[in-house]
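Single-structure report; data block below.
The values are calculated or read from the model by the stated rules, or taken from the named source; none is laboratory data. The structure presented is a predicted model; accordingly, all values stated were derived computationally and were not measured. Ideal geometry is used to build each Cβ from the backbone, glycine not excepted, and the neighbour counts take in all protein chains shown. Remember, those area values only see protein heavy atoms, side chains included, never the ligands or the DNA or RNA. Shrake-Rupley method; radii C 1.70, N 1.55, O 1.52, S 1.80 Å.
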Amino acid sequence: MCILSPFLLESNLDDPMRSMMDQYRSAARTISKTQSTSFVDLQRVFDAWIDANVNSRLSDDRVHPNSK
């Protein structure tokens, strides 16, 4: 079993929704530790992708990935 972090395709860490997702991600990481499960930090992966790309290539609303 593994826990995947929630993510938002948003690079602005001050964005209110991004801040909320980061709090949820922290909670997910804590739960994975207490349950001795693997944790996959999807936000970290998407952040690296956004550094080199425009987030709208993957999602029109920053939440739901498109077919790409």
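Where only protein heavy atoms count, and the probe is 1.4 Å, what is the accessible area per residue for the chain in Å²?
Per residue, the chain has an accessible area of 69 Å².
Only Lys, Arg, Asp and Glu count, each charged at its Cβ (+1, +1, -1, -1), so figure out the dipole size of the chain about its Cα centre, rounded to 20 debye.
So the magnitude is around 280 debye.
Putting +1 on Lys and Arg Cβ atoms and -1 on Asp and Glu Cβ atoms, find which of 55, 16, 45 reaches farthest to the positive end of the dipole of the range 9-68.
Projecting each Cα onto the dipole axis, the largest value belongs to 45.
Starting from the amide H of residue 59, placed 1.01 Å from N in the peptide plane, find each other amide H under 5 Å away whose residue is 5 or more places distant or on another chain.
66
Mind running the shape call on the range 1-57? Use the C-alpha gyration tensor, a ≥ b ≥ c as the square roots of the eigenvalues: rounded below 1.5 for a/c, prolate if a/b tops b/c, oblate otherwise.
Because a/c hits 1.5 or more and a/b fails to exceed b/c, the range 1-57 counts as oblate.
Ignoring ligands, DNA and RNA, please state the percent of accessible area on the chain from carbon and sulfur, probe 1.4 Å.
The computed percentage sits at 54.
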